[in-house]
Amino acid sequence: MADDKDVLRDVWFGRIPTCFTLNPDEVTEREAEAYYLLLPRVSYLPVVTDKVKKHFLKVMRPEDVEEMWFEYEGTPLKWHYPIGVLFDLHASNTVLPWNITVHFKNFPDQDLLHCPSNSIVEAHFMSSIKEADSLKHKSQVVNDMQKKDHKQLWMGLQNDKFDQFWAMNRKLMEYPTEDGGFRYIPFRIYQTLSDRPFIQKLFRPVSPDCNAHTLGDLLKEMYPDALTNDGEQKRYQVLIHGIEPLLETPLQWLSEHLSHPDNFLHICVVPVPTD
């Protein structure tokens with residue numbers, strides 16, 4: 001893959017200043033102060049919120065504590081989405097810090113999956129990596145890895161170790177030069193104004209006549225409403241890691257450099273804010 005390590009580092013070390021406050025309906029023995037944290041965009045809420053839990057448990061009785069879950073302005077936050085995706089989808093146009101409400105009661109079963117331990121997050125993460133590799137290399141790379149290699153990917157993410165993670169992940173980003181890219185690009189397109197969780201279909205990085213497909217080509221086929229026609233006012237922002245890449249950017253380059261650790265390119269289409 002193209003050696004553009006600065007981009008990979010910038011993506012990995014992206015942080016969101018966040019303020020966690022306890023839901024006022026929770027029963028506490030004394031007032032719970034807010035807790036501030038810089039959340040890594042590429043991680044998952046259960047992996048990085050141990051400190052949040054410990055902070056609020058200090059003011060609560062054990063019998064009042066059930067499974068912890070998070071909500072932003074009435075929307076329960078799906079822990080199996082990367083943190084950066086949750087922010088871009090629900091809060092990208094708000095003033096920082098991101099204000100998240102913490103709950104220990106009334107778990108919303110209809111909206112969220114239960115997550116009793118980080119082993120559940122690890123299983124979800126590895127399943128995404130395997131799915132991505134089946135799209136990119138017919139699973140050949142991930143199947144050639146040993147169990148300790150899989151563990152190295154997870155531990156790299158869990159412990160925020162960029163070099164440990166990328167020493168293994170770079171294998172998942174390689175392809176034969178003559179192919180011009182992966183077999184298919186692992187991507188998911190999320191919309192705030194949709195009932196379906198995301199769009200995910202087969203899409204090649206190179207056209208039949210050997211031209212590199214771009215982000216614009218992908219949107220044109222998968223979600224044309226996201227594009228602005230000539231003379232129209234812009235209606236949507238297309239965000240990857242909180243930035244709006246140029247629509248002319250080759251999809252293969254984006255997949256190699258702006259994919260999340262799960263090896264998917266997570267693309268959020270959100271309405272342009274109205275002042």
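What to note about this one:
- The range 1-54, subset closer than 19 Å to residue 263 by Cα and of a type in the set (Phe, Trp, Tyr), residue surrounded by the fewest Cβ atoms within 10 Å (Cβ to Cβ): 13
- Among the residues of the range 230-265, just one is free of Cβ contacts under 8 Å to residues at least 60 places away in the same chain, outside any loop (DSSP other than H, G, I, E, B) and over 27 Å from residue 98 (Cβ atoms), namely 250.
- Among the residues of the range 6-59, those identified as of a type in the set (Asp, Glu), at pLDDT below 90 and farther than 25 Å from residue 120 by Cβ are 6, 25, 29, 31.
- Residue match in the range 150-158 (condition: farther than 22 Å from residue 7 by Cα and either open to solvent by 10 Å² or more (accessible area, probe 1.4 Å) or free of Cβ contacts under 8 Å to residues at least 60 places away in the same chain (or both)): yes
- Members of the range 102-157 that are within 17 Å of residue 259 (Cα to Cα) and polar (S, T, N, Q): 127, 128, 134
- Residue in the range 261-273 that is in contact with a Lys or Arg (Cβ under 9 Å, 6 or more places away or on another chain) and at pLDDT below 95 present: yes
- When the residues of the range 213-238 are filtered to those that are out of contact with any helix residue (DSSP H, G or I) (no Cβ under 6 Å at 6 or more places or on another chain) and small (Gly, Ala, Ser), the one that is farthest from residue 253 (Cα to Cα) is 231.
- Count of residues meeting criterion [open to solvent by 40 Å² or more (accessible area, probe 1.4 Å) and under 30 Å from residue 130 (Cβ atoms)] in the range 215-237: 3
- Residue in the range 69-80 that is among the aliphatic types (A, V, I, L, M) and open to solvent by less than 30 Å² (accessible area, probe 1.4 Å) present: yes
- Which listed residue, of 139, 207, 119, is in contact with a helix residue (DSSP H, G or I) (Cβ under 7 Å, 6 or more places away or on another chain) and free of Cβ contacts under 8 Å to residues at least 24 places away in the same chain: 139
- Search result, residues across the range 186-214 that are open to solvent by less than 80 Å² (accessible area, probe 1.4 Å) and over 16 Å from the mean Cα position of the chain (by Cα): 194, 203, 205, 206, 207, 212, 213, 214
- Of the set (1) in the same structural domain as residue 254 (by the TED database); (2) closer than 27 Å to residue 77 by Cβ; (3) basic (Lys, Arg), all apply to residue 220 but (2).
The values are calculated or read from the model by the stated rules, or taken from the named source; none is laboratory data. What you are looking at is a predicted structure, and each value in this text was computed from that prediction instead of being measured. So basically every Cβ, Gly included, is an ideal-geometry build from the backbone, and we count neighbours across all protein chains shown. With ligands, DNA and RNA removed, areas are computed over all heavy atoms of the protein, side chains included. Shrake-Rupley method; radii C 1.70, N 1.55, O 1.52, S 1.80 Å.
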